[in-house]
1. Taking only DSSP H segments of four or more residues, each worth -39500 (n - 2.57), what value at 222 nm results for the chain once the sum is divided by all its residues, to the nearest 500 deg cm²/dmol?
2. If you average 1/r across every pair of different Cα atoms in the chain and take the reciprocal, what Kirkwood value do you get, in Å?
3. Please turn the phi angles of segment 287-294 into ³J(HN,Hα) values with the Karplus equation 6.51 cos²θ - 1.76 cosθ + 1.60 (θ = phi - 60°), one per residue in order, whole Hz, x for glycine and proline.
4. Using the count of nearby Cβ atoms within 10 Å as a rough guide to exposure, how do Ser273, Ser265 rank from fewest to most?
5. Zone of Ile106 (label point 7 Å along Cα→Cβ, backbone N under 20 Å): which residues in segment 126-141?
6. Can you compute 3J(HN,Hα) from phi for each residue in segment 295-301, using the Karplus curve 6.51 cos²θ - 1.76 cosθ + 1.60 with θ = phi - 60°, rounded to whole Hz and x for Gly and Pro?
7. Label Ser41 and Lys65 with points 7 Å out from Cα along Cα→Cβ: what is the distance between them in nm?
8. Roughly speaking, what is the stretch gain from Glu173 to His438, that is 0.36 nm per residue apart minus the C-alpha to C-alpha distance, in nm to one decimal?
Amino acid sequence: MKLTALLLSLACLPLALPLTNAAERATVTVNVYQSTSTIGSRFVGVTIDAWHAQVNWNGFPFSSKKVVNLAKAMAPNILRLGGTAADNLTYDMSANAPAYHGYSSIFTPKPWEAINQFVENVGWDFIMDLNALKRNADGSWNPDNARELLQFSAHRNYTIAGFELGNEYDIYEYKYGKALTPAQLAKDIASLQKLLKQFPAYYSSYIIGPEVANTKTETFQGFLAAGGAKVVYASGFHHYYYPDTDADPNRFTSIDTMDSFVTSSLLPMTAQSRAVDPDLPIWLSETSTTWSGGVPHVADRFIAGFLWLDKLGLCALHGVETVLRQDLYGETYALLDSQGEPRPDYWLTVLYKRIVRGPVFSTTAPKDVRVYSACAHPDHFPAGSVVVYMLNPKNVPVTFDIPQFASQPRMIYSLTGWGGDRLSEFMSLNGVKLQLVHDEVPEMKPAHAPPGHVTAPPYSFTFVVFHHAQVPICSER
Ligand SMILES: *[C@@H]1O[C@H](CO)[C@@H](O)[C@H](O)[C@H]1NC(C)=O
Ligand SMILES: *[C@@H]1O[C@H](CO)[C@@H](O)[C@H](O)[C@H]1NC(C)=O
């Protein structure tokens, strides 16, 4: 077809037909006059499953320069050691305990030293999930073995910021054939609290509970109402979207999947906790995308960030104090692979920690994209700075208009899969592949952009910092 003929035929097209490659537009407003909650320094943390400890941490290079640098870049940070394997550990802290017992449930000083030295070295807070299955004949928790672990730890001056008692007690009947009642767990955690008071080193350590897998009122709110709210520092629940058996990557960029967290977990769980005690902090204390380790070639790729960043935005908006990501290393959905190489969600987590901190604002945007906002981190941006972060889960560019900041210069962190591939193993920041440089975490600088709109590439995350915003709520430090 000749060019003139093409133009003529284009001119005859009905007006409603979208022009190919034309960016879609989204108008965003931020309510900077009122914050819904506040993101603190320990908003995002990680977990490690206790089964790794049984096998010498699966050889994870905790003390390598690379892992130490990656971990330090995440500080301040919380690490929780827990999961199903933690339920039935027997702590053998005797001097003659062998280094490792393999896959048995005997836990010896060697893995305990390794993890405690690591958290101390990198400046993280540590949470230990204790063995809830050690029970007396009357069904109550027997704290004797936990006491041995605490004695050993206190003697070594290990700092343990917090404790849990058991993992997902609401599915104990399914897992172990024996149910634990909400009232019994509340009593058991009261015993744990008493035990901690016997140790000056752990007198002020906090307790998170009940660590439920499901959203049943009976086991979450029921635990809190049966005395649980009085003995925990924060109520804790877990969340995964669906099982690993569904390998369709499109579900990771689906607004329906994102919304399923809000309707089936976040809203009911925060409501249950607040119904018992409106002031009790709420933690999403173990969470990832799909359960059982993560969908191969999806959960470890750039695309996994959609559900992760959306979850962080939602939790911040709804006042969740801390979100612990399952997990630090090893599994497909982990932030680092088993050799300690960072995956895209590692970079996303570190950038989130550097950029977003302080009061959170509600944001309005079209329903086919996701947009969140908060104050920008006061250590890295001028007082009064605001960050708006948007997820473009579509295969077309989206141009964001934020009229209230239209006349202001901004700093932009545009994150995509390397080469624009949403299934890439790598993440690009402003077009440059993120990677360690001689085992050091690179600086990760923003691009400076003039006033106007912001165009987000297909399948991307964009953090836009308005460093001249002078928002009063973000200036009060
Ligand atoms: C817990 O471990 C003990 C050994 O210490 C074992 O006898 C018991 O069967 C285990 N319980 C469960 C539920 O796995
Ligand atoms: C623990 O701290 C105390 C007091 O600071 C000190 O005397 C002791 O040597 C430390 N123990 C170890 C094992 O580091």
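Readers should treat all values here as calculations from the given coordinates under stated rules, not as data from a laboratory. Here the structure is a predicted model, which is why all the values come from computation and not from measurement. Using ideal geometry, Cβ is built from the backbone for each residue, glycine included, and neighbour counts are taken over all protein chains shown.
1. -7000 deg cm²/dmol
2. Details: mean 1/r = 0.0424 Å⁻¹.
For the chain, the Kirkwood estimate is 23.6 Å.
3. For segment 287-294, the Karplus-derived couplings read 7, 7, 7, 9, 8, 5, x, x Hz, x marking Gly and Pro.
4. On the way: Ser273 24, Ser265 21.
Listed from fewest to most nearby Cβ atoms, that is Ser265, Ser273.
5. Within reach of a label on Ile106: 131-135.
6. 5, x, 6, 9, 5, 9, 10
7. 2.8 nm
8. That pair, Glu173 and His438, stretches by 90.5 nm at full extension.
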